[in-house]
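Trainee: Mind looking over this structure? Questions follow.
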Amino acid sequence: MTKPYLKRKFYGRRKGKTLTQKRADLVDGLLPRIALDYDKSNNRDRSAASFFDKDYNEFWLEIGFGDGAHMAEQARRNPHVGHIGCEPFMNGVAALLCEIDEDNIRNIKIWTNDARDVMDGLKDATLDRVFLLHPDPWHKTKHHKRRFIQGATVASLARIIRPGGILRIATDDQGLCEWMLWHMTRCKSFEWTAKSAKDWRDPPDDWPVTRYGEKKLAGIPVYMEFVRC
């Protein structure tokens, strides 16, 4: 039977360079043990807590975690949090698996397909924090419909983040920044926390420094934080 998530059109890469043997072994051995099962999550009665065998105080979702550096560091710093990461690019997944294996991180679950699949399956107000860091800007006008932040996804985020929960967004692309800010400020369920330029020019105090983030400092990164009303 064709799984429901395969019906959703996906844009972007799923594979890059050939994985090293170590990373390939982790994909074969470790990933199945910490991967989300979509068939179990594809309903709106599924809480974030139900994905984990251990009780956690909070549950965070990272959409498109790239090489996993930010997610792994957040998991290390916040062992009381259950972390769900979504990333279709298998080379990035393999990179995160290396960090999980080397540091014995046990509070991460991974979904290797479109994050919207997980979002659609979650119950209301089940997440405490969501990260969307440096998503693909899809520069061409005809591709803007592929950008992650759209009216429908903002509404979905508003549904699954609890009141008082946080949505963090980062980009170094001015066009995408304006696009995301326009969509976010149109949604009455979120409040932008910035009070001055410093609030969006500087990352939050608990923001881990990653190789990707350091590389992007050559541009003009923007850090936006929204609170679910």
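The values are calculated or read from the model by the stated rules, or taken from the named source; none is laboratory data. From a predicted model like this one, the values you see are computed outputs, not experimental measurements. Cβ placement follows ideal geometry from the backbone for every residue including glycine, while neighbour counts extend to all protein chains displayed.
Trainee: Report yes if some residue within region 101-116 is in contact with a Leu (Cβ under 7 Å, 6 or more places away or on another chain) and over 28 Å from residue 228 (Cβ atoms); otherwise report no.
Mentor: Checked region 101-116: at least one residue is in contact with a Leu (Cβ under 7 Å, 6 or more places away or on another chain) and over 28 Å from residue 228 (Cβ atoms).
Trainee: Give, as residue ranges, the helices (runs of 4 or more DSSP H) completely inside region 140-229 that count at least 1 residues that are of a type in the set (A, V, I, L, M) and at negative phi.
Mentor: Helices (runs of 4 or more DSSP H) meeting the threshold: 151-160, 174-186, 197-201.
Trainee: From the list 190, 148, pick out the single residue that is crowded, with 18+ Cβ neighbours inside 10 Å and either at pLDDT below 95 or within 16 Å of residue 61 (Cα to Cα) (or both).
Mentor: 148
Trainee: If you don't mind, there's one more thing I want to ask. Only one residue in 55, 25 is modelled with pLDDT of 95 or more, farther than 18 Å from residue 106 by Cβ and out of contact with any Phe, Trp or Tyr (no Cβ under 8 Å at 6 or more places or on another chain). Which one?
Mentor: 25
Trainee: Only one of these is touching a Cys at 6+ places or on another chain (Cβ under 7 Å), surrounded by 19 or more Cβ atoms within 10 Å (Cβ to Cβ) and either over 21 Å from residue 50 (Cβ atoms) or aliphatic (A, V, I, L, M) (or both): 130, 93, 154. Name it.
Mentor: 154
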